[in-house]
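Right, one structure below, let's go through it.
The values are calculated or read from the model by the stated rules, or taken from the named source; none is laboratory data. Given the structure is predicted, the values throughout are model-derived calculations rather than measurements. With ideal geometry, Cβ positions are generated from the backbone for all residues, glycine too; neighbour counts draw on all protein chains shown. Ligands, DNA and RNA are stripped out before the accessible areas are found, and what is left, the full protein with its side chains, is counted by its heavy atoms. Shrake-Rupley method; radii C 1.70, N 1.55, O 1.52, S 1.80 Å.
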Amino acid sequence: GAEVVFSVDCTKLKDYFSPGKREFDRIYFNFPHCGRKSGVAKNRELLARFFHSSAEVLAEGGEVHVALCNGQGGTPADQPRREWHNSWQIVAVAAGAGFILSDVHPFKAETIHGYKCTGYRSQDKSFCVEGALNHIFTRSTPLVCLTPLSCRIQLGSQSVSFRVPEVLVDKINRGFLAPNSNHPVQTVKEKLIAGLSQAFPLQDTDSCLSLLHQGHLRGVCHSNVFWVTLSPEETPGTEEMSHTLAKAVVFSRVDFCQDTETQVQEGCHSPKHFCLRPSLLPHARAITQEGAFPPGTLHVLSGPVFRKCRITPHSMPVFHEMLMVFAASRGTESSCVQMLVNNIRTTIHSLHQTGITPDISLQEAASPGTAELNDFAAFEWQLGKIQYFICTAGDPPGSCVGTVRTSHELTSSELVVVFASLNLDLLAMLLCGIPDWRMLWTWDTRFLQQFPRGELRLFRSFSLYPPSYVHDVSFWVPDGEQFDEVAFHTVARGVSGEMVVSIELRDSFQQPGTGRSSLCYRLTFQCCDRALSCPEAAERQLRLRRQIQQLLGVTLR
């Protein structure tokens with residue numbers, strides 16, 4: 001009862017089917033080839049046109065299956081793997097039409113009833129399909145070019161708004177820690193709280209924690225925080241965001257550098273200056289100063305914190321911090337800390353025993369000596385080695401799992417306050433085997449669909465072997481200025497939409513006579529959850545070149 005159509009041009013599929021019959025759930029193309037001795041370039045072009053044509057007739061949630069001979073695809077699944085330039089580069093070609101590779105498995109002709117392999121050199125004879133692979137592609141969520149976003153908050157009795165830094169536009173108010181959230185970060189938090197509540201009287205104080213911090217930040221590098229300017233006026237489009245392609249956002253150098261130049265001129269201690277909170281510690285200290293703070297009760301605060309940082313696989317400009325604070329009688333703080341750490345270790349170990357077997361390397365490449373967490377035992381080692389030292393302030397854990405600190409700020413000389421901070425994002429990545437922190441923030445619904453409410457499961461990537469593109473940029477540094485690499489990385493994050501996965505200093509040069517300094521960086525573009533084509537990466541590189549001139553004052557070479 002099926003309808004069979006012959007002589008269909010694979011590059012013009014919509015021309016052969018009426019509008020009511022264009023919603024195909026599956027499109028199969030077994031061993032495409034231009035015919036005769038056509039080279040890889042022509043076959044890439046064939047695939048590119050086929051994928052664009054398939055996008056016009058594929059149903060939402062549909063799949064495109066393409067079988068290729070061993071080595072043709074150019075992915076790590078091919079054994080042996082051809083050199084990239086000598087392959088059909090199928091993942092990169094499909095990305096140009098908005099497809100991502102979601103699965104790949106061996107092609108087994110014997111399992112297809114009535115299938116006969118023919119067509120070798122356009123003849124009625126079979127060709128070798130040993131080691132052939134079936135590549136399964138699905139639609140990608142569209143690439144996002146975010147529009148400027150203003151966020152309105154209540155500050156005392158006044159309603160004020162501030163412009164969200166470009167790099168954080170799609171990460172404000174995502175609600176991952178909402179009570180009904182099934183996000184793995186929330187599940188990790190719930191499991192930890194359940195374990196802690198068995199050992200401590202516990203009070204969860206997440207409500208009404210302001211996103212902003214005002215004035216001086218002790219122990220925090222002021223150039224690594226996101227400073228914002230408040231405005232009392234109503235701002236159109238507050239907390240709204242466009243997920244469609246839009247005109248590139250352009251900020252002036254004055255706006256971008258207000259956190260350095262203006263702060264130096266007016267003083268970072270000024271109460272007029274606000275920043276997005278880089279830590280929950282100020283909120284915790286406020287709790288300790290609010291009258292009665294009985295010893296033994298564990299107060300738990302959690303929420304997103306923000307900081308500028310270099311681009312590495314596990315350095316996050318925003319992550320969810322879980323901060324625990326309690327008061328202990330002087331002389332007993334060491335045993336209390338040990339009890340807290342042991343409880344956390346036991347809880348995480350119990351999650352590991354539920355069947356999740358993570359295999360992920362959480363290594364901070366920019367920090368030599370950081371422990372590599374390539375298995376659960378390594379994670380337990382670092383958790384057991386959490387630094388315990390006396391201090392009064394500091395950054396929250398970034399690429400490390402957590403820290404424990406003590407303070408003598410209470411008016412009572414008999415009590416010592418203990419602060420314990422955990423990076424919930426890194427814990428979720430480790431327990432669920434999520435290799436890239438950006439996946440935690442994806443808009444693709446296939447991510448959260450893998451995590452039922454209250455359950456942690458091993459993550460299965462829906463975008464395999466995403467293509468990467470390398471671009472270099474070199475420029476003269478402004479005379480007499482120290483180049484701010486963190487600012488450079490922050491611009492790259494914002495302009496690319498977090499599609500730059502690494503930035504490497506390739507060369508530095510000082511011109512004889514003038515003393516001018518030149519730097520050359522290599523940027524690698526790659527997207528973990530969306531289709532990124534070569535032209536799109538090139539376009540973002542051009543935007544980056546324009547923005548670093550405007551924002552950082554460099555002169556391109």
So, with points 7 Å from each Cα along the Cβ direction, the Q550-S468 label distance in nm works out to 2.9
Given a 1.4 Å probe, the accessible area of the range 469-556 per residue, as a whole number of Å², is 42
Counting just the Cα atoms, what span does the range 1-139 cover along each of its three principal axes? Round to the nearest Å and put the largest first.
43, 32, 27
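Taking 0.36 nm per residue of sequence separation and subtracting the Cα-Cα distance, how much length would be gained by fully extending the chain between C221 and E3, in nm to one decimal?
Values: separation 218, 0.36 × 218 = 78.48 nm, distance 6.76 nm.
Going from the current span to full extension adds 71.7 nm.
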Theoretical FRET efficiency, 1/(1+(r/R0)^6), r = Cβ-Cβ of D15 and R460, R0 41 Å, to 0.05
0.65
Please work out, to two decimal places, the log10 of the ratio I(q)/I(0) at q = 0.13 Å⁻¹ from a Debye calculation in which every Cα of the range 469-556 carries one identical scatterer.
-0.42
Report, in whole Å, the centroid distance computed from the Cα atoms of the range 486-557 and the range 414-442.
29
For E130 and Q203 in the same chain, what is the full-extension length gain: residue separation times 0.36 nm, less their Cα-Cα distance, in nm?
20.1 nm
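Between E83 and H349, take the C-beta separation as r, use R0 = 51 Å, and let me know the FRET efficiency to the nearest 0.05. Intermediate results must be reported in sequence, preceding the final value.
Details: r = 44 Å, r/R0 = 0.87.
Using R0 = 51 Å, I get an efficiency of 0.70.
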With +1 at each Lys and Arg Cβ and -1 at each Asp and Glu Cβ, the charge dipole magnitude of the range 476-557 around its Cα centre, to the nearest 20 debye, comes out at 240
Do any of K12/K42; K12/K37; K21/K108 go past 20 Å between their Cα atoms, and which?
K12/K37; K21/K108
Work out how much length Q214 to S38 would gain on full extension: take 0.36 nm times their residue separation and subtract the Cα-Cα distance, in nm to one decimal.
56.8 nm
Leaving out ligands, DNA and RNA, and with a 1.4 Å probe, what % of the accessible surface on the range 13-139 is carbon or sulfur?
48
